[in-house]
1. Once Rh for segment 84-142 is found with the Kirkwood sum over Cα pairs, what is the Stokes-Einstein diffusion coefficient at 4 °C and 1.567 mPa s, in µm²/s?
2. Pull out a ≥ b ≥ c, the square roots of the eigenvalues of the alpha-carbon gyration tensor of segment 65-113, then state rounded if a/c is under 1.5, prolate if not and a/b is larger than b/c, and oblate in the remaining case.
3. Taking only the alpha-carbon atoms of segment 1-132, what semi-axes of the equivalent ellipsoid follow from 5 times the gyration tensor eigenvalues under a square root, in whole Å, largest first?
4. Just grab the label-to-label distance for Ala24 and Ser103, each label 7 Å out from Cα along the Cβ direction, in nm (one decimal).
5. Sort segment 176-220 into rounded, prolate or oblate with this rule: let a ≥ b ≥ c be the square roots of the eigenvalues of the Cα gyration tensor; rounded if a/c is under 1.5, and if a/c is not under 1.5, prolate when a/b is larger than b/c, oblate otherwise.
6. Taking the Cα centre of segment 70-146 as origin, sum charge times position over the Cβ atoms of Lys and Arg (+1) and Asp and Glu (-1), and report the length of that vector in debye to the nearest 20.
7. Quick one: which of 34-47, 87-100 comes out on top by average Cβ neighbours within 10 Å, and what's the full order, highest first?
8. Would you mind counting up the charge near Ala200? Only other residues with Cβ under 15 Å from its Cβ, with Lys and Arg at +1 and Asp and Glu at -1.
Amino acid sequence: MSPPLCRLYLITPPIIDDIAGFTATLKNALAAGDVGALQVRQKDAPDAHIEAAVHAISPLCRAHGVSLILNDRPDLAARLDCDGVHIGQMDASLAEARRIIGSDRIIGVTCHDSRHLAMDAAEGGADYVAFGAFFSTETKATSHRPDREILTIWQDTMLIPCVAIGGITVDRARVLAAAGADFLAVSAGVWNHPGGPAEAVAAFNAEIAAGLAQRASPSP
């Protein structure tokens, strides 16, 4: 039996000052390798800025078969015809988010280092759960540091996908893919990569493939 896939889940830089410039960078990155999803995460940005970013990014995501996820805002996700929304524990409830965006869109839920929160989300109808931060990160403040075992247990016992997030760089991708992550959520590890985002996407895909090979042939 083939092992489950693990795919790259990009998260935008915290601030997109130049939407046209970022769109050009994203175009090159998406052409460089497999990407399963892109989350537009613009904390505290005005709605007009988020809307402009989504309108610019959406055609690229559609062209590459990448799910476009909006952070925090199920209302904007529905209005802007995004593929889904990602909510944290302090955002709208899962039930409220589902009511707003409907049954056909994706909802992901941050679950930190808690299988209990993740199981509640799965039972409540979430389409994926996110665990992290696995490593220190400057993208956002974090206070939870799960062990990789949480990915393995989830992969072995649950059906909905799990996302690993937090401080993930190319050299850390393989162990998380091998542990059982279905997606690796990456922001700075791509956009700040020394060789540029396109090179980063290609490198992440290579490390993910190596991790999946390890998952398929675990050590005795």
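1. Working: Rh = 11.9 Å.
Diffusion coefficient, whole number: 109 µm²/s.
2. It comes out oblate by the Cα gyration axes.
3. That gives 24, 19, 13 Å for the three semi-axes.
4. That separation, rounded to one decimal, is 4.5 nm.
5. Since a/c reaches 1.5 and a/b is larger than b/c, the shape of segment 176-220 is classed as prolate.
6. I would put it at about 100 debye.
7. 34-47, 87-100
8. So the surrounding residues net to 0.
Every read-out reported here was derived from the displayed coordinates using simple, explicitly stated rules and does not represent laboratory data. Treat the numbers as computed from the prediction; the structure is a model and nothing was measured. So basically every Cβ, Gly included, is an ideal-geometry build from the backbone, and we count neighbours across all protein chains shown.
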